[in-house]
Every structure is written in structure tokens, then in C-alpha cells.
Amino acid sequence: MSNIIEIDFSKKLEIKIDNKQPVSLEDLSLSLLSFNKQFHKFVESETDELTDISSELLIKEVRKGSIVIELVSAAAPILPLIWEGGALDQWANVFQSTCNWLLGKIDNPPKDMTKQDLQEWNKIVEPVAKDHASQMNINVSDGGKVINQFILNSTEANAIQNSISRLIEDIDTPQENKHLKKVMYWYQTKFDPNSDTGNKAIIDDISKSALKVIFENNALKEAMLHPDPSLGKPWQELAFVVDVEVQTVRGKPKMYNVLNYYPEYTFDPDED
């Protein structure tokens, strides 16, 4: 088996940073590494495991003056069938669309974004964001002819980083799991006032599955186990209006913690 990687030198992606101040070697290195990681993820997401393609970007040339870096990728005969214009051209489109999304110019990102993805995009634009009045030019050429171009200035890079900070903060903020005035009815009960084990209920608005039920305090539990006798049915056959906190495991609802209930709204679920 041959280990020789054929490089397509006719298609190039040029990253040019018109810097006004010296650029930190760490910032530049992390920017290029993150750029490569996001390209790699893009290629992997667009191809299947049977497609033999390298998703590594290679540095062809680093030119003097402003920071100019030419990148090339491995050639693959199947690529023209997947992407008209090649992987670098399509990646430049994704790059531009992602920046436009982070700038609020479009509603949705071209690809789903994880927290790690957002952190890498923050690193990609860092050299330009730090240097006032600088800009990053992304040019894709085919046979020497520019076929795609995108320019990101320092003001936009800063706006992108601010947007990323807000998105990461939203990801890190626990979701509000309290639900107010929801109808709960019993699916399974142990009929034991001294134990919660075996008690399960359904709240259709939250989950169609029956989940374990616990109570915020014993007084609340006692009140729910002794509804108004005029309803004519035992507590386990009635529907209750409650405030609950949903406990989750790996993002899936697993248990209801009943915080409060409204006795005046208790009703027979079998009545029309």
C-alpha cells in the first residue's frame, strides 16, 4: 500500500493578516491550529468513513511583509463530485458563513457548534481582534485565479469574540428546570405514605414517560395524599396541578421533585 499523499498545488487557500502590531507567536500558532481543526471537522462531517481523504491542511509557503501563509490540502479524485470548486473553496464559504452568523448577519450557523468549536473560533480571530485596524484576508485560488475571498477586520473580529463569549455563557448556564402549574397524574404508586419508592407520575407537557416522583417536603406530600373527599376518588386516581423541578441525567428527564401543588385545581382525569 502506498503512503504517498498527493498534494493539489493548483488550489490554494491564503491567509493574510495585515497586522499593525507584532503578532504573538502563540496567538498565531493557536489561530492556525484551530483553523486546521475546524477544516478537519468540516471535511469529516461532509464525507463518510469509506471516503479516503486527508483532511489535513499543509503550509506551502510563508511570505514576508504582512503575515501571508499559503495552505494546500491533499488531492482526491472524489472531491469534485462532492464539492464544486474543491474542499478549500467550500471551507472558505463555511468560514464566511460562520463569521456572518457570529456577527448576527444570518440567523443560523452553517454547522452545529459545540463549546469547543466556539473556543476554537475565538482563537482563529484572536490575532486580528487584538490588533486595532488590522484585518484577515482569506483568499482561495485555483490555477492562480482567485475564486473566493473574504475579509475580516479587527472591529468584526472583536464583535465575533463578544458573540462567542455570550454563546459560551449560555451553554454554561444551567437550564431552568422548574415548571409551573403543570397537570400531573399518577402512573404507578406504592400506596405507602412513608416512602417515595415506586411512585411514578406523568406530566404530558414535559415527558410522555412516567418518571419517579419525590416531594420537596413532608407537609406537601401529606397534603397531596389527602385531597378533598368530595372528589370521590382516592389520591392515586386524581390529577393534580403542581409546580415541579425536573431532575435530569445526561440531559434526559428522570425525576420530578414536586415543589408546590394547587389543591383547588385537583380534578378527576376521567371526567369529560
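Any idea how many residues of the range 195-223 are under 14 Å from LYS182 (Cβ atoms) and touching a residue at least 12 places away in the same chain (Cβ under 8 Å)? Total meeting the criteria: 9. With respect to the conditions (1) aliphatic (A, V, I, L, M); (2) part of a helix (DSSP H, G or I); (3) under 30 Å from GLU216 (Cβ atoms), LEU180 lacks only one, and its number is (2).
Right, GLN90: surrounded by 13 or more Cβ atoms within 10 Å (Cβ to Cβ) and modelled with pLDDT of 80 or more or not? Steps first, answer last, please.
Details: surrounded by 13 or more Cβ atoms within 10 Å (Cβ to Cβ): yes; modelled with pLDDT of 80 or more: yes.
So GLN90 fits the description; yes.
Might you let me know whether the range 154-174 holds any residue that is assigned to a strand (DSSP E or B), closer than 30 Å to ALA92 by Cα and at pLDDT 95 or above? Looking through the range 154-174, none of the residues is assigned to a strand (DSSP E or B), closer than 30 Å to ALA92 by Cα and at pLDDT 95 or above. Across the range 101-126, the number of residues qualifying as open to solvent by 50 Å² or more (accessible area, probe 1.4 Å) and either within 18 Å of LEU33 (Cα to Cα) or outside any loop (DSSP other than H, G, I, E, B) (or both) comes to 5. Is it the case that some residue within the range 127-145 is farther than 30 Å from ASP170 by Cβ, open to solvent by 50 Å² or more (accessible area, probe 1.4 Å), assigned to a strand (DSSP E or B) and modelled with pLDDT under 95? Yes, because at least one residue in the range 127-145 is farther than 30 Å from ASP170 by Cβ, open to solvent by 50 Å² or more (accessible area, probe 1.4 Å), assigned to a strand (DSSP E or B) and modelled with pLDDT under 95. Of the residues in the range 79-86, at least one is at pLDDT below 80, over 21 Å from GLU156 (Cα atoms), aliphatic (A, V, I, L, M) and open to solvent by less than 40 Å² (accessible area, probe 1.4 Å).
On inspection, PHE191 passes the criterion of being aromatic (Phe, Trp, Tyr), at pLDDT below 90 and farther than 30 Å from LYS115 by Cβ. Looking across VAL213, VAL183, one residue alone is closer than 30 Å to PHE267 by Cβ, of a type in the set (Val, Ile, Thr) and either open to solvent by 80 Å² or more (accessible area, probe 1.4 Å) or modelled with pLDDT of 95 or more (or both). It is VAL183.
Can you tell which of GLU49, GLU61, GLU44 is among the charged types (D, E, K, R), at pLDDT below 90 and assigned to a strand (DSSP E or B)? Going through GLU49, GLU61, GLU44 in turn, the sole match is GLU61.
The values are calculated or read from the model by the stated rules, or taken from the named source; none is laboratory data. Keep in mind that what you see is a predicted model, and the values were worked out from it rather than measured. Glycine gets a Cβ as well: all are built from the backbone with ideal geometry, and neighbour counts include every protein chain shown. What goes into the accessible areas is simple: the full protein's heavy atoms, side chains included, and nothing from ligands, DNA or RNA. Shrake-Rupley method; radii C 1.70, N 1.55, O 1.52, S 1.80 Å.
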